[in-house]
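Below is one structure; the comments refer to it alone.
The values are calculated or read from the model by the stated rules, or taken from the named source; none is laboratory data. All of these numbers come straight from a predicted model, not from anything done at the bench. Cβ: placed from backbone, ideal geometry, glycine included. Neighbour counts: every protein chain shown.
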Amino acid sequence: MGQRRHWIVLGALALGISLGAWIDHAGGELAHSSARGIEAIGTLWLNALRMTVGPLVFSMLVAAVASVSDAMATGRLASRAIGWFTFLLFVAGTLAVLLTQGLLALWPVDRATADAFIAGASQGSAGAVTSVRWTDWLQQLLPPNIVAAAADNAILALVVFALLFGFAATKLPAPQRNALTGFFGAMAEAMVVMVHWVLLVAPVGVFALALGVGRRAGFDAAGLLVQYAATVAAVIAIATLFIYIVVAARGRVRVGVFAREVAPVQVVAASTQSSLATLPAMIECVRERLGVAPRISSLVLPLAVAVFRYTSPLGNLAVCFFIAAMYGLEPHLLQMIGAIFVAFAVSVGSVGLPGQVSFIASVAPICAALGLPVDVLGILVAVEILPDIFRTIGNVTADVAVTVLVDEVEPPHV
C-alpha cells in the first residue's frame, strides 16, 4: 500500500473505533445487529490474510537461502558483508527482546483494555491462550508430518523445514537447483500478488475489525494502539543507536563524522519510507563523504538492500512481545530464542516485500514461535506508519555502517 492508502486505512481504523464506541454507548438493537454483520466481514478479511502466510513464508525462505548462498559464493568481500549482516541481525533480535520487556515494565499494558481489544478483534471468539511447556515447544520444532503441522498452523516447524529444505537445495546440481529455487521464487511472487489483492480492500477490512474493537473496548482501544506504536518505535530508535556504538568501536571513521554524514540519508529514508529509494543517497554518502572505495560500495550497498534489514527483527519482535503482553503471557527462554531465530530467518526472506506485506509475513511466524494468535494483526497493521518511518531510518543507517565496516577490514588500496 502506498502512503496515501495507508492514511486511508488509518482513517478507516479511527472511524471504526469511533462508530463502535458510539454503538456500544447509545446504539439500539438494530445498530448492534448490523455491527455484528459488519464485523463478520472483518473476520473474513483477516482469514484471507492468514491463508497466505504459510505458503508465502515457506516459498520466500527457500528462495532466500539460495540467494544468500549465491552471494557468499561471489567472494570474500560479500562473505564479510554477510557476516556483519548476520551479527547485527542477531544483536537486533536480542536488543528487541530486552528493550521491549523493559519498556513494558515501565509502561504496562492495561489488562482490562487489552482483554476488550482482543475480544473485539476476534469477535469474542478467542479461546484462552496459555503458555506452552518448553518440552512441548521443543518437540514441535520437528513434527513427524510437516503437512499436518502446516495445516495446524505450526508455522515455526514450517520455518525450520523451509530452511533445511533451502540449504539442501543448494547442494543439488545447478540445473536442478535453479529449477527448484525458480519455482519457489515464482510461488513467493504469486503469493505477494494475492496479499496485494487482500490489502486493496484493507480499508473495509480494518473498518470492520475496528468496529468490533470499538464496541467492546471503546475509546480506550485508541490509547492502546498509541501505546503499541510508541513502544515499537521506541525499541527501534533506541536499538538503532547501537549502530553508532559499533562504528565508534571500529575507529577509521569517527562516530561524529558518521552521524553528521548519514543524517541527510536518514531524512530521505523518513520521507520515502523505502530503503531502495534511498539507495542513491546512500551511495553518494559512502563514496563522497565517508571515503569508501567504489568497488566496495558498489557491491556491499546493493547486497545490503537485497538481503539485510536491521530493524526487521527489532520491530517484528517488539510487535510480538507487545501482543504477548496483551494476552498476559510471559514466554519462556526457549521461546525467546526460537523467536529470535525465526525473526532472523524471515527478515532475510521478506526483504524487498512492501511494508504491509512483510508485516504480515514476518510477524505471523514469530507469533507462532511464541504461541500467540494473530487475531490482532489486522488492526495493528493499520498503525504501522509511525514505526515504519523508524524502521526505514534504522535500515539505511545500518546499510551505510556495514559498508564502512567492511571497508575498514579491506587491505590498503594500491
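No other residue among V206, V193, V201 is β-branched (V, I, T), more than 26 Å from L95 (Cβ to Cβ) and out of contact with any helix residue (DSSP H, G or I) (no Cβ under 9 Å at 6 or more places or on another chain) apart from V193.
Between A269, A174, which is loosely packed, with under 13 Cβ neighbours inside 10 Å and modelled with pLDDT under 90? Give the steps one after another, and end with the answer.
Numbers: A269 fails: loosely packed, with under 13 Cβ neighbours inside 10 Å.
Unique residue meeting the criteria: A174.
Kindly establish whether V253 is in contact with a helix residue (DSSP H, G or I) (Cβ under 6 Å, 6 or more places away or on another chain), β-branched (V, I, T) and at pLDDT below 85. When the stated conditions are applied, V253 passes them. Out of the residues in the stretch 53-82 that are at pLDDT 80 or above and not aliphatic (A, V, I, L, M), state the one that is farthest from V404 (Cα to Cα). Looking at the filtered set, the residue picked out is P55. Of all the listed residues (A221, A233, A239, A229), the sole one being touching a helix residue (DSSP H, G or I) at 6+ places or on another chain (Cβ under 6 Å), at pLDDT below 90 and part of a helix (DSSP H, G or I) is A221. Only one of (1) hydrophobic (A, V, I, L, M, F, W, C); (2) closer than 28 Å to A186 by Cβ; (3) at pLDDT below 85 fails for I8. Which number is that? With (1) hydrophobic (A, V, I, L, M, F, W, C); (2) closer than 28 Å to A186 by Cβ; (3) at pLDDT below 85 applied to I8, the lone miss is (2). Where helices (runs of 4 or more DSSP H) sit wholly within the stretch 318-414, those with at least 3 residues that are at pLDDT 85 or above and touching a Gly at 6+ places or on another chain (Cβ under 8 Å) occupy 333-349, 385-408. Of the residues screened, F85 is not one that is within 21 Å of the chain's Cα centre (by Cα), surrounded by fewer than 23 Cβ atoms within 10 Å (Cβ to Cβ), assigned to a helix (DSSP H, G or I) and at pLDDT 85 or above.
Run down V292, V305 and say which single residue is among the β-branched types (V, I, T) and crowded, with 23+ Cβ neighbours inside 10 Å. Steps first, answer last, please.
On the way: V305 fails: crowded, with 23+ Cβ neighbours inside 10 Å.
One residue alone meets the criteria, V292.
If the requirement is being buried (at least 17 other Cβ atoms within 10 Å of the Cβ), part of a helix (DSSP H, G or I), of a type in the set (G, A, S) and on the phi < 0 side of the Ramachandran plot, which of these qualifies: G214, G256?
Working: G256 fails: buried (at least 17 other Cβ atoms within 10 Å of the Cβ).
Step by step, each of G214, G256 is checked, and only G214 is buried (at least 17 other Cβ atoms within 10 Å of the Cβ), part of a helix (DSSP H, G or I), of a type in the set (G, A, S) and on the phi < 0 side of the Ramachandran plot.
Taking residues in the stretch 277-299 that are among the hydrophobic types (A, V, I, L, M, F, W, C), and partners anywhere that are surrounded by 14 or more Cβ atoms within 10 Å (Cβ to Cβ) and not in a helix (DSSP H, G or I), the pairs with Cβ atoms closer than 7 Å and at least 6 places apart or on different chains are V286/V292; L290/V253; I296/E410.
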